[in-house]
Amino acid sequence: MKSVKWKPWALLAPSISAVFFLLIIPVCFIVVYSFWLRAPSGADIPAFQFGNYAKFFADFFYPEILLRTLRIAFESVIICVVMGYIPAYFFYRSESRFKQVFLLLIMLPFWVSFIIRTMSWINIMGDSGLINHFLLKIGLIQAPIPMLYNEFSVLMGLLMYLLPFMMLNIYVSLEGIDKSLLEAARCMGCTEWQAFREVTLPLSLPGVSAGCLLVFVLTAGTYLPPMILGGPGDDMIANLIYKRVVGTLDWPFGSAISVILLSLLFVIVWTYNRYLGINQIFKSLQGK
Amino acid sequence: MKSFSPGWTLIKLYTILVYLFLFTPIVVVIVLAFNPKQFGIFPMEGVSLRWFIKLAHNSSIIDAFKNSLILGALTALVSTTIGILASLAFIRFEFPGKNTINTMLLAPIMIPEVVLGVALLLFLRFLQMPKSFALLVVGHVVLTLPYVLLIVQARLGGIRKDYEEAAKCLGANPFQTFREVTFPLLLPAVLAGALFSFTISFDDITATLFWASAQNQTVPVKIFSMLRNSISPEINALGAVMIVLTVATPLLAGYLSRKFSKEK
């Protein structure tokens, strides 16, 4: 081939510089800032000390929030698999003439703003919301049940956000299965259920695990559902970062928490990539 | 055959329930937007357009809409352009470090948005620059670039190199080849990428909340600040307008592109 060595680099230059200057350098800055000191006046003083990290692990307050984030992330992952697999399977196996419309249904939630999907739980679970209104009307309860501002309502908000990602991942991996394998299994005498258990399910697992990783990362990085639907004790790690940076302008400490979150996710993503390969996630997101 | 088995019926039922869960909050926003009363949520007390009219007269909301639209359009333009260039490099050339660079460009998907938001803002603070509209644009480009890359690369990989080589044999120069052959074949992916980055930018809140200032509010940021008080029919009306806009745009684009390709 012709030696056009500079050409791909010229094409890549804008993207690489965008990611380099707007992502890699800023993340390095977070790391540097996490060692700085904060003067009582609020000014940041360049330093190299581990005080911000020590502060995080000094008592149970901050680690507890970290553990809560991990627990909620695991809960979201499991619920998303349970709720998402069957609809994805339905869309995959459906031979209805509305199949195109069904596929649109997978994408539709992505197009509605996250904040709208989150805040609407207030319309549903609030004191005069849909559920309470209905229960009062049929006379099952005399006074509205408080449902909002606890971990359950936070979880509802999260599911609303995460479930579409999980369904898309599972659906894409199901769609990638060669259907003749299924026919072969049926020809050899498998029942529908056996064919599913022996062929479809194992072959769709890469999509399931990719969905799990994505849901985990997304949960760890969001502060909106706890902020809008949670009570004072439902903060997650991202809320902590938001409050430190936007609320108290404590940049060094906010940076240190970001570094802790980033390293934790790095370990998880690295382990995942080592054993399962990360490409499945990218493959699914390609499905649009 | 399968359609009548009890198992399949259960699967269908389950799917309907999951979708009821996913769509009830969205439908409720739209329904409540027409609720004429000022406080509380349900019951509906008739149907009225008063909240929409109030929105139309609220200049800060109109500004937020303008900001969001311009921001989305600029983000889509920039990130689709640089995304296509990068995708061409990945699909059409072999060079050392290809996989590493591809992973690097896709990395923003795997970095929590809250960290992305803090990092860029911190960098700006270090440079001693004030928050500006430009910050929102560059930030949204980083947020959307990976998605554009994924979509365009998938499509570009499917275009056979033969067409381009045929054009070159027939005497077209590289630029002509791109304009006459590669680009038209790539157009659906370009549109999909642009549309996708527009909707991501238009809807984003997590990182945008760090980057927006009082002068540069987007619609989701506006909704967020209105939520400080409590939910109101006015917020629902604003939400309904957003939903209609972000759902209708891709649907319309899909419909048009299908019609367009059929006529061709």
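Among (1) free of Cβ contacts under 8 Å to residues at least 40 places away in the same chain; (2) at the interface with another protein chain (Cβ under 8 Å from one of its Cβ atoms); (3) within 30 Å of A:Ser17 (Cβ to Cβ), there is one condition B:Lys66 misses while meeting the rest; what is its number?
With respect to (1) free of Cβ contacts under 8 Å to residues at least 40 places away in the same chain; (2) at the interface with another protein chain (Cβ under 8 Å from one of its Cβ atoms); (3) within 30 Å of A:Ser17 (Cβ to Cβ), B:Lys66 is out only on (2).
Any chance you could count how many residues in segment A:75-109 are closer than 30 Å to A:Ile241 by Cβ and without any contact (Cβ under 8 Å) to a residue 24 or more places away in the chain?
Total satisfying the criteria: 2.
Considering only segment B:81-101, I want to know if a residue exists there that is more than 24 Å from the chain's Cα centre (by Cα), within 12 Å of chain A (Cβ to nearest Cβ) and at pLDDT 90 or above.
No, segment B:81-101 has no match at all.
Residue by residue, here is whether (1) surrounded by 15 or more Cβ atoms within 10 Å (Cβ to Cβ); (2) of a type outside the set (A, V, I, L, M, F, W, C); (3) part of a strand (DSSP E or B) holds:
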| position | (1), (2), (3) |
| --- | --- |
| A:Lys7 | yes, yes, no |
| A:Pro14 | yes, yes, no |
| A:Val19 | yes, no, no |
| A:Leu22 | yes, no, no |
| A:Val31 | yes, no, no |
| A:Pro40 | no, yes, no |
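Of all residues in segment B:142-155 being hydrophobic (A, V, I, L, M, F, W, C) and either more than 7 Å from chain A (Cβ to nearest Cβ) or more than 23 Å from B:Asn99 (Cβ to Cβ) (or both), which is surrounded by the most Cβ atoms within 10 Å (Cβ to Cβ)?
Selected residue: B:Val148.
Being at the interface with another protein chain (Cβ under 8 Å from one of its Cβ atoms), modelled with pLDDT under 85 and within 27 Å of the chain's Cα centre (by Cα), is that true of even one residue in segment B:130-140?
No, every residue in segment B:130-140 fails to be at the interface with another protein chain (Cβ under 8 Å from one of its Cβ atoms), modelled with pLDDT under 85 and within 27 Å of the chain's Cα centre (by Cα).
Based on what the data block shows, is B:Ser213 under 26 Å from A:Leu240 (Cβ atoms), more than 8 Å from chain A (Cβ to nearest Cβ) and within 24 Å of the chain's Cα centre (by Cα)?
yes
Among the helices (runs of 4 or more DSSP H) contained in segment A:176-288, which hold 2 or more residues that are out of contact with any Lys or Arg (no Cβ under 9 Å at 6 or more places or on another chain), surrounded by fewer than 20 Cβ atoms within 10 Å (Cβ to Cβ) and on the phi > 0 side of the Ramachandran plot?
Once the helices (runs of 4 or more DSSP H) in segment A:176-288 are filtered for at least 2 residues that are out of contact with any Lys or Arg (no Cβ under 9 Å at 6 or more places or on another chain), surrounded by fewer than 20 Cβ atoms within 10 Å (Cβ to Cβ) and on the phi > 0 side of the Ramachandran plot, nothing remains.
Quick test of your reading of the structure: A:Pro87 fulfils all but one of (1) within 30 Å of A:Asp178 (Cα to Cα); (2) within 8 Å of chain B (Cβ to nearest Cβ); (3) of a type outside the set (Asp, Glu); (4) surrounded by fewer than 21 Cβ atoms within 10 Å (Cβ to Cβ). Name the failing condition by number.
(4)
Applying the selection to segment B:215-242, what residues are within 19 Å of B:Arg50 (Cα to Cα), touching a residue at least 24 places away in the same chain (Cβ under 8 Å) and surrounded by fewer than 21 Cβ atoms within 10 Å (Cβ to Cβ)?
Correct list: B:Ser232, B:Glu234, B:Val241.
As an exercise: evaluate B:Leu124 against (1) more than 11 Å from chain A (Cβ to nearest Cβ); (2) more than 24 Å from the chain's Cα centre (by Cα) and give the number of the one condition it does not meet.
(1)
Can you pull out the residues in segment A:127-136 that are at the interface with chain B (Cβ under 7 Å from one of its Cβ atoms) and either surrounded by fewer than 23 Cβ atoms within 10 Å (Cβ to Cβ) or among the hydroxyl-bearing types (Ser, Thr, Tyr) (or both)?
A:Ser128, A:Leu130, A:His133
The values are calculated or read from the model by the stated rules, or taken from the named source; none is laboratory data. Small disclaimer: the values here were computed from a predicted structure and weren't measured. Counting neighbours? That spans all protein chains shown, and the Cβs are built from the backbone with ideal geometry, glycine included.
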